[in-house]
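Asks: Quick one: this structure, given as structure tokens, is what I'll be asking you about.
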């Protein structure tokens with residue numbers, strides 16, 4: 001869940017190694033399941049393996065992750081130093097080539113990685129923490145691998161999103177996740193405005209030095225009474241979860257906060273949309289060829305608003 | 001991610017054991033980190049530990065989960081048979097009492113579990129698969145534990161939600177999750193209507209025998225061209241991920257599908273809301289005491305619509 005720029009130099013020189021030795025062309029053996037844990041046995045169909053990594057506690061790494069680190073032909077890592085440190089902490093020797101894979105080099109790296117997979121190799125993709133392609137590099141490599149007709153599998157594991165939801169103590173049977181909150185106050189307030197009527201619990205990340213200003217904006221847009229939780233340093237030594245109202249949390253954060261932060265906001269209490277809110281939706285369907293009465297009936301049913309009331313609102317809006 | 005009714009009888013007779021022996025009252029020792037892996041050492045402050053469990057592959061269980069199963073004083077399990085089977089597959093002997101904890105008994109179980117924690121015991125909460133309290137029993141126990149002033153920690157791990165997102169090959173830097181799709185066609189269409197303008201990728205669960213009808217409804221409401229992925233039996237022997245358009249996936253599903261299903265829908269292409277859509281929002285702020293011009297400026301800025309255009313739309317709607 002690091003925001004940017006991690007490992008800017010790490011492993012850059014290793015990039016040429018990807019796919020450099022095209023040994024082990026696929027012999028058409030069908031994908032068997034044990035091989036999803038890593039590159040063994042070589043010569044099989046190549047694949048991309050997305051693996052979740054610990055948020056901070058080595059003991060959260062699964063045996064399949066350990067095996068994959070040891071056995072993959074190529075390890076593509078958001079920050080190669082952090083991945084090497086993780087392997088060392090796990091007592092695992094990385095057997096394959098290690099390649100850096102972060103936002104700024106992502107598109108440049110993809111052709112060679114897909115070629116490695118095409119040649120029968122297993123490419124393991126890991127980020128600094130959590131699940132690749134959820135708020136981290138990865139999606140475009142997955143897409144390119146699929147487009148080239150190769151297999152993609154996943155080693156499930158830690159995610160800051162689900163961990164924060166569980167720790168929040170809030171109802172989270174429905175939730176949404178928006179990555180990092182915008183940095184600029186204007187954009188941040190717009191972001192909170194989109195959550196004003198959001199019925200789902202909402203998770204976002206924030207850097208510690210912006211948390212106070214961010215929660216102040218949340219209070220300004222959503223009011224002080226919305227319930228929320230701030231999760232700090234999850235699974236690490238100084239793990240802390242603060243639960244309360246936005247107003248109370250903003251006051252607490254004003255004193256200064258450190259560490260990696262995930263925020264969970266309770267969903268908004270349900271509010272019915274009024275007929276006036278739905279006029280635009282009806283008009284769009286009419287523009288698309290629907291009869292006005294049909295459009296009113298349809299939108300009314302979808303949104304729980306009377307079709308007569310909606311019809312009147314459209315006529316009023318048309319003047 | 002089972003839908004309901006799992007383990008209706010399993011472990012019901014074990015419930016009385018919870019908190020029955022109140023030994024190990026807290027001696028005020030501060031929470032230390034190793035103890036978050038399970039109940040050891042006894043006599044420390046009690047706590048609730050939420051632990052994620054594998055989706056189907058034993059090798060996805062972390063060392064901390066294994067330790068917690070062995071060492072917790074009480075294991076509260078959505079289905080005690082499945083949890084005992086998991087422990088057996090991991091070669092772990094559950095040391096503490098095992099108590100069933102599923103939707104129908106949740107509220108009845110909570111007082112005794114909180115009492116166990118109050119008496120200094122560690123209660124481990126696990127569901128059939130994935131992270132407790134995300135689409136599964138758990139939230140109310142977390143809430144009760146926090147309210148009673150006790151500690152809640154989490155052992156991160158597998159989640160069907162993040163695994164499906166990673167496997168989907170879709171842009172998932174923002175996403176939402178809605179649990180199981182509604183069963184009834186009318187409610188299901190309403191559900192898809194709420195996703196029509198949803199910019200985030202969307203994840204939901206569906207039972208295999210309803211998948212074809214569900215995707216037909218998705219096509220009816222969202223059109224055949226929205227991109228999506230159907231993930232089946234994730235991490236299991238017959239794992240399969242189908243990626244394509246809703247229309248293509250509906251045609252595929254019509255032939256019949258088995259296994260546990262997670263669906264990922266691509267987010268909607270951004271569409272600007274028109275001034276007419278926002279009249280209701282402006283009027284609500286006016287009702288709340290804002291001046292009309294201020295409300296137009298504020299809503300206009302939030303939604304990227306000209307305040308003049310919005311002002312005109314309000315006047316037109318007022319007639």
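The values are calculated or read from the model by the stated rules, or taken from the named source; none is laboratory data. The structure presented is a predicted model; accordingly, all values stated were derived computationally and were not measured. For neighbour counting, all protein chains shown are included, and Cβ atoms are generated from backbone atoms with ideal geometry for every residue, glycine included.
Asks: Taking the options B:123, B:203, name whichever one is in contact with a helix residue (DSSP H, G or I) (Cβ under 6 Å, 6 or more places away or on another chain), assigned by TED's automatic domain parsing to the domain that holds residue B:76 and crowded, with 23+ Cβ neighbours inside 10 Å. Talk me through it step by step, then tell me what you get.
Replies: Values: B:203 fails: assigned by TED's automatic domain parsing to the domain that holds residue B:76.
Sole residue among the options that is in contact with a helix residue (DSSP H, G or I) (Cβ under 6 Å, 6 or more places away or on another chain), assigned by TED's automatic domain parsing to the domain that holds residue B:76 and crowded, with 23+ Cβ neighbours inside 10 Å: B:123.
Asks: To continue, here is another question. Checking the structure you have, find out if any residue of region A:254-263 is out of contact with any strand residue (DSSP E or B) (no Cβ under 7 Å at 6 or more places or on another chain), touching a residue at least 12 places away in the same chain (Cβ under 8 Å), within 11 Å of chain B (Cβ to nearest Cβ) and surrounded by fewer than 17 Cβ atoms within 10 Å (Cβ to Cβ).
Replies: No: zero hits.
Asks: Please go through (1) crowded, with 17+ Cβ neighbours inside 10 Å; (2) free of Cβ contacts under 8 Å to residues at least 40 places away in the same chain; (3) under 31 Å from the mean Cα position of the chain (by Cα) for residue A:237 and return the number of the only condition it doesn't satisfy.
Replies: (1)
Asks: Here's a follow-up. Look at residue B:243 and say whether it is assigned to a loop (DSSP other than H, G, I, E, B) and within 24 Å of the chain's Cα centre (by Cα).
Replies: Answer is no for this residue.
Asks: Go over the candidates B:198, B:190 one by one and state the one that is out of contact with any helix residue (DSSP H, G or I) (no Cβ under 7 Å at 6 or more places or on another chain) and farther than 23 Å from residue B:240 by Cα. Before the answer, list the steps.
Replies: Details: B:190 fails: out of contact with any helix residue (DSSP H, G or I) (no Cβ under 7 Å at 6 or more places or on another chain).
Selected residue: B:198, the only one of B:198, B:190 that is out of contact with any helix residue (DSSP H, G or I) (no Cβ under 7 Å at 6 or more places or on another chain) and farther than 23 Å from residue B:240 by Cα.
Asks: Quick check on region A:208-221. Is at least one of its residues within 30 Å of residue B:62 (Cβ to Cβ) and outside the structural domain of residue A:58 (by TED's automatic domain parsing)? Step through it out loud before you land on a result.
Replies: Narrowing region A:208-221 to residues within 30 Å of residue B:62 (Cβ to Cβ): A:208, A:211.
With outside the structural domain of residue A:58 (by TED's automatic domain parsing) added as a condition, the list becomes A:208, A:211.
Yes, the conditions are met somewhere in region A:208-221.
Asks: Quick check: is even one residue across region B:209-229 at negative phi and facing another protein chain (nearest Cβ under 8 Å)? Walk me through how you get there before you give the answer.
Replies: At the first step, the residues of region B:209-229 found to be at negative phi are B:209-222, B:224-229.
Remaining after also requiring facing another protein chain (nearest Cβ under 8 Å): none.
No.
Asks: Has region B:108-117 got at least one residue that is buried (at least 19 other Cβ atoms within 10 Å of the Cβ), more than 7 Å from every other protein chain (Cβ to nearest Cβ) and within 13 Å of the chain's Cα centre (by Cα)?
Replies: Checked against the condition, which is being buried (at least 19 other Cβ atoms within 10 Å of the Cβ), more than 7 Å from every other protein chain (Cβ to nearest Cβ) and within 13 Å of the chain's Cα centre (by Cα), region B:108-117 yields no hits at all.
Asks: Read through the list (1) within 14 Å of chain B (Cβ to nearest Cβ); (2) under 20 Å from the mean Cα position of the chain (by Cα); (3) at negative phi; (4) buried (at least 19 other Cβ atoms within 10 Å of the Cβ), then give the number of the only condition that residue A:68 fails.
Replies: (2)
Asks: If you scan region A:142-169, which residues turn out to be in contact (Cβ under 8 Å) with a residue 12 or more places away in the chain, touching a strand residue (DSSP E or B) at 6+ places or on another chain (Cβ under 7 Å) and surrounded by fewer than 22 Cβ atoms within 10 Å (Cβ to Cβ)?
Replies: Across region A:142-169, the qualifying residues are A:150, A:151.
Asks: I would also like to ask the following. Can you confirm whether region A:298-315 contains a residue that is crowded, with 16+ Cβ neighbours inside 10 Å and within 30 Å of residue B:62 (Cα to Cα)?
Replies: The answer is no, given that none of the residues of region A:298-315 is crowded, with 16+ Cβ neighbours inside 10 Å and within 30 Å of residue B:62 (Cα to Cα).
Asks: Somewhere in region B:267-284, is a residue farther than 20 Å from residue B:195 by Cα, out of contact with any helix residue (DSSP H, G or I) (no Cβ under 8 Å at 6 or more places or on another chain), outside the structural domain of residue B:171 (by TED's automatic domain parsing) and modelled with pLDDT under 90?
Replies: Yes; the residues of region B:267-284 include at least one that is farther than 20 Å from residue B:195 by Cα, out of contact with any helix residue (DSSP H, G or I) (no Cβ under 8 Å at 6 or more places or on another chain), outside the structural domain of residue B:171 (by TED's automatic domain parsing) and modelled with pLDDT under 90.
Asks: Kindly indicate whether residue B:250 is in contact with a helix residue (DSSP H, G or I) (Cβ under 9 Å, 6 or more places away or on another chain), surrounded by fewer than 21 Cβ atoms within 10 Å (Cβ to Cβ) and in a helix (DSSP H, G or I).
Replies: So residue B:250 does not fit the description; no.
Asks: Answer yes or no as to whether residue A:85 is assigned to a helix (DSSP H, G or I), more than 14 Å from residue A:158 (Cβ to Cβ) and in contact (Cβ under 8 Å) with a residue 24 or more places away in the chain.
Replies: Here the answer is no, as residue A:85 does not meet what is asked.
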